[in-house]
Amino acid sequence: MEEGMMSLNEAIARWTERGELYTTAISDLALFRRPKPTEPMSGLYEPSVCLVTQGAKLVQFGDDSLVYDAEHFLITAIHMPTLVQVTQASPEKPYLGLKLKLDLREVSQLILDSNLPKPRPQPTSRGMATGAVTPQLVDAFRRLVALLDDPMDIPIMAPVIQKEIAYRLLTSDQGDRLRQIAATGSQSSQIARAVDWLKGNFSLPLRIEDLATHVNMSTSTFHHHFRSLTAMSPLQYQKMLRLNEARRLMLAERLDATTAAFNVGYESASQFCREYGRLFGAPPLRDINRLRQASLAA
């Protein structure tokens with residue numbers, strides 16, 4: 001595995017020489033570089049697998065936190081609002097990694113079409129977790145990234161290798177997590193539908209009873225399984241989505257705190273500032289100024 005990881009690391013380093021993010025010709029694949037550790041940044045992880053070839057990253061969601069590195073991949077089966085921080089990186093040995101989006105419909109079809117081995121027991125039912133990197137997974141990613149040097153091969157070969165990667169994940173120590181989400185009609189897939197609704201409607205008032213009915217679950221069952229999958233209550237999840245988007249609006253679109261708060265669904269600017277400070281460790285103006293100064297320093 002060491003040789004394959006080294007080859008993959010060299011390829012990512014070469015493709016990211018000119019910037020920290022390289023959006024590749026393979027639509028679901030992105031490559032990353034960070035030359036030094038970062039401050040915690042808000043982000044929304046979509047269903048995907050992330051692999052690090054050098055360095056390490058910390059991801060926090062709800063009361064949970066995960067670290068992934070060259071020995072542990074990160075798999076996300078649902079959309080998860082998070083705080084993300086690169087913890088190991090330097091100019092000499094930058095953080096290098098990749099993210100591959102997962103098409104859960106294709107994963108579901110692969111489950112139906114294949115006689116997959118029995119899944120291994122899961123220590124947790126979370127929708128995001130880390131798993132052990134295997135030589136087979138590294139080799140598949142190495143071949144996928146290698147296609148970037150032969151663009152004519154991408155339309156034919158990329159889907160084949162992506163299907164192989166999905167198979168490797170389904171048979172990994174985190175395979176059951178993916179199976180539960182992709183299985184239509186399962187309680188996990190019902191919660192995934194609720195998560196999709198929240199992601200698209202986070203600025204609207206939330207009635208838990210209505211959302212539970214929307215996914216054909218009782219309110220108590222919905223609460224239990226939602227927290228089990230996301231480590232958050234539905235209201236906490238909505239709050240994370242709102243605060244993450246407000247932070248993005250202030251940072252990228254330069255909205256003031258009050259306008260950003262109302263845009264994401266808050267009715268009280270003071271409540272927004274209190275909850276923002278609790279999540280990000282500083283009031284909106286101070287936090288955004290700090291992020292801009294850190295960006296300039298980089």
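The values are calculated or read from the model by the stated rules, or taken from the named source; none is laboratory data. These numbers were taken from a predicted model, which means no experiment stands behind them. Don't worry about glycine lacking a Cβ; one is built from the backbone with ideal geometry, like all the others, and counts go over all protein chains shown.
Overview of values
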{"item": "Condition broken by residue 281, with the remaining ones in (1) of a type in the set (Gly, Ala, Ser); (2) in contact with a helix residue (DSSP H, G or I) (Cβ under 8 Å, 6 or more places away or on another chain); (3) closer than 18 Å to residue 188 by Cβ satisfied", "result": "(3)"}
{"item": "Out of 169, 206, sole residue that is assigned to a loop (DSSP other than H, G, I, E, B), surrounded by 16 or more Cβ atoms within 10 Å (Cβ to Cβ) and at negative phi", "result": "206"}
{"item": "Residue ID - surrounded by the most Cβ atoms within 10 Å (Cβ to Cβ), chosen from residues in the range 20-71 that are closer than 21 Å to residue 227 by Cα and of a type in the set (Ser, Thr, Tyr)", "result": "45"}
{"item": "Qualifying residue in the range 155-174 (condition: among the basic types (Lys, Arg) and not assigned by TED's automatic domain parsing to the domain that holds residue 63)", "result": "no"}
{"item": "Residue in the range 197-208 that is under 18 Å from residue 112 (Cα atoms), in contact (Cβ under 8 Å) with a residue 24 or more places away in the chain and of a type in the set (Phe, Trp, Tyr) present", "result": "no"}
{"item": "Condition broken by residue 283, with the remaining ones in (1) surrounded by fewer than 18 Cβ atoms within 10 Å (Cβ to Cβ); (2) under 20 Å from residue 200 (Cβ atoms); (3) touching a Gly at 6+ places or on another chain (Cβ under 9 Å) satisfied", "result": "(2)"}
{"item": "Output for the range 75-96, where each listed residue is surrounded by 24 or more Cβ atoms within 10 Å (Cβ to Cβ) and not in a strand (DSSP E or B)", "result": "77, 78"}
{"item": "Residue match in the range 97-109 (condition: part of a loop (DSSP other than H, G, I, E, B), surrounded by fewer than 19 Cβ atoms within 10 Å (Cβ to Cβ) and either of a type in the set (Gly, Ala, Ser) or touching a Gly at 6+ places or on another chain (Cβ under 9 Å) (or both))", "result": "no"}
{"item": "Residues located in the range 50-91, provided they are among the hydroxyl-bearing types (Ser, Thr, Tyr), closer than 18 Å to residue 30 by Cα and at pLDDT 95 or above", "result": "53, 68"}
{"item": "Candidate set from the range 163-181 (those that are closer than 13 Å to residue 76 by Cβ and of a type outside the set (Lys, Arg)); member that is modelled with the lowest pLDDT", "result": "181"}
{"item": "Any hit, the range 62-74, residues being in contact (Cβ under 8 Å) with a residue 12 or more places away in the chain and among the polar types (S, T, N, Q)", "result": "no"}
{"item": "Matching residues, the range 240-280, being of a type outside the set (A, V, I, L, M) and either in contact (Cβ under 8 Å) with a residue 40 or more places away in the chain or at positive phi (or both)", "result": "242, 244, 245, 247, 248, 254, 263, 265, 280"}
{"item": "Search result, residues across the range 21-44 that are more than 13 Å from residue 99 (Cα to Cα) and not aliphatic (A, V, I, L, M)", "result": "34, 35, 36, 37, 38, 39, 40, 42, 43"}
{"item": "Search result, residues across the range 37-57 that are over 16 Å from residue 138 (Cβ atoms), touching an Asp or Glu at 6+ places or on another chain (Cβ under 9 Å) and assigned to a strand (DSSP E or B)", "result": "42, 44, 48, 56, 57"}
